[in-house]
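Report on one structure; see the data block that follows.
Since every read-out is calculated from the coordinates, none of them should be taken as a lab result. Being a predicted model, the structure only gives us computed values, none of them experimental. All Cβ positions, even for glycine, are placed from backbone atoms using ideal geometry, and neighbour counts span all protein chains on display.
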Amino acid sequence: MQWNWKKSGLALGLTFVLAIVLVKPIGVSTQFVIVDGIIASLFNDSLVYPSSESPSGYGSDNAYLNKSGGKYAAAIANPLNYGLMFVASMIVGGFIASRQLRRQDADPPRLPLVHRQRFGNDTLKRYLLSFVGGFLCVYGARMAGGCTSGHMMSGMMQTSVSGFVFAASAFAAAVPTAIWLYDRGAKKS
Amino acid sequence: MSLVFAIILGTLFGYVLYRVGATDADKIISMLTLKDMYLAKAIASGIGLAALLLFVGLSCGLIDPTHLSTKSMFLGVVPGGILLGIGWALSGMCPGTGVANLGAGRIDALVYVVGGLVGAAAFTMDYESLAALGLFDAIWGGKITLASLLNSHWAGILLGAAFILCASLLPLRIRSQS
């Protein structure tokens, strides 16, 4: 059964605080870079390398992987690290929750309702929007230094100024885009 | 030990995102088209409660302040936020909910995550030239927070309360359903 907003807010709030109590604020988008680096280092042995000059003990010729004392390079060299295991475990959490809901409710639709109202059963268009959406979200998140989890939720709960600026920028772009894309011609339903 | 925490917290976060319905593209798009503000109320009250508990915990010495980590303010936050907002609205997913959706076996989420990996690779290659534009140079004092500016945990406690108040006052529907 769907939680109401109070129960949902309670669950989200407690999760974000618990992460800080035990370890550190929640963040996701960095791990897309780390996974890319792990894949790329299968083909390129010298992408990241041990470096005695770097605070993390690792370096890279790529400026992004080498930044902040080579901490991304270190995470790529040692995939069994907190950040990557956290994000990998999120898949397990999503699996458990979806199984639980599937027992209670009907199967979730393969295409979002808003998509079917606007584009019919055009699965290819859904995949195209998903791919472009994923590209823009992670490119943007890396440019901003965090995503909805790290910047918006973890940032604003710490009263971080960058979190407020990020949230305002994201919603200022997302609301007109969503209305423009999904509201036109949606009256067919 | 930190890996055990990673598995527990990651599983919990993925579970909560899914149960809250943040993984549901319909709920995201309905929020962004201002037709169903359920998710906005859930997210705002979640941030509010988290801020409230965090700053009460810090005041009582129950939370180790070295566990905090704030992100710096730089010019890239604005265009980065805009790009993320556009991608969020096109797909109805963000990086966290895309990953949690993988566990539900959604193909569109898999396509989203692949798109995200390509985006991360593109950014990794573009970083140096973007940095040369000054996009990542700290402004406004960098890692500032309202609590540090006002030098008081009360800023966080009051802000948390304000978020919860806004969440409860926000109407469920702003625009009518078509």
| request: Give the residue that is nearest to A:ALA97 (Cα to Cα), with candidates limited to residues of the stretch B:118-129 that are within 7 Å of chain A (Cβ to nearest Cβ) and over 19 Å from the mean Cα position of the chain (by Cα). | output: B:VAL118
| query | Which of the residues belonging to the stretch A:141-154 are touching a residue at least 12 places away in the same chain (Cβ under 8 Å) and part of a helix (DSSP H, G or I)? | reply | A:ALA141, A:ARG142, A:ALA144, A:THR148, A:SER149, A:GLY150, A:HIS151, A:MET152, A:MET153, A:SER154
| field | The lone exception for B:LEU170 - which of (1) touching a helix residue (DSSP H, G or I) at 6+ places or on another chain (Cβ under 6 Å); (2) surrounded by fewer than 17 Cβ atoms within 10 Å (Cβ to Cβ); (3) facing another protein chain (nearest Cβ under 8 Å); (4) over 28 Å from B:PHE74 (Cβ atoms) it fails | value | (3)
| field | Test for B:THR145: is it out of contact with any Cys (no Cβ under 8 Å at 6 or more places or on another chain), β-branched (Val, Ile, Thr) and more than 8 Å from every other protein chain (Cβ to nearest Cβ) | value | no
| For the stretch A:151-185, how many residues are within 14 Å of the chain's Cα centre (by Cα) and more than 7 Å from chain B (Cβ to nearest Cβ)? | 2
| query | Using beta carbons and a limit of 6 Å, which pairs, at least six apart or on different chains, have the first residue in the stretch A:125-137 and more than 16 Å from B:LEU84 (Cα to Cα) and the second one part of a helix (DSSP H, G or I) and among the aromatic types (Phe, Trp, Tyr)? | reply | A:LYS125/A:PHE119
| said: Being within 7 Å of chain B (Cβ to nearest Cβ), of a type in the set (Val, Ile, Thr) and in contact (Cβ under 8 Å) with a residue 60 or more places away in the chain is true for just one of A:ILE26, A:ILE96, A:ILE91. Which residue is that? | reply: A:ILE26
| Sole exception among (1) facing another protein chain (nearest Cβ under 7 Å); (2) within 29 Å of A:VAL114 (Cβ to Cβ); (3) part of a helix (DSSP H, G or I) for B:ILE28, by number | (1)
| Single residue of B:VAL113, B:VAL78 found to be in contact with a Gly (Cβ under 9 Å, 6 or more places away or on another chain) and either within 7 Å of another protein chain (Cβ to nearest Cβ) or of a type in the set (Phe, Trp, Tyr) (or both) | B:VAL113
| remark: Within the stretch B:41-77, the count of residues that are charged (D, E, K, R) and within 13 Å of A:MET152 (Cα to Cα) comes to 1
| query | A:THR148: under 24 Å from A:LEU14 (Cα atoms) and in contact with a helix residue (DSSP H, G or I) (Cβ under 9 Å, 6 or more places away or on another chain), yes or no? | reply | yes
| said: Tell me the residue from A:LEU42, A:LEU65, A:LEU84 that is assigned to a helix (DSSP H, G or I) and either buried (at least 23 other Cβ atoms within 10 Å of the Cβ) or of a type in the set (Asp, Glu) (or both), please. | reply: A:LEU65
| query | Quick check: is even one residue across the stretch A:125-132 in contact with a Gly (Cβ under 6 Å, 6 or more places away or on another chain) and either surrounded by 22 or more Cβ atoms within 10 Å (Cβ to Cβ) or of a type outside the set (A, V, I, L, M) (or both)? | reply | yes
| message | Just to verify a result, which residue in the stretch A:1-23, among those that are in contact with a Phe, Trp or Tyr (Cβ under 9 Å, 6 or more places away or on another chain) and assigned to a loop (DSSP other than H, G, I, E, B), is farthest from the other protein chains (Cβ to nearest Cβ)? | response | A:ASN4
| request: Test A:ARG103 against the criterion of being touching a residue at least 12 places away in the same chain (Cβ under 8 Å) and either outside any helix (DSSP H, G or I) or among the basic types (Lys, Arg) (or both), and give yes or no. | output: no
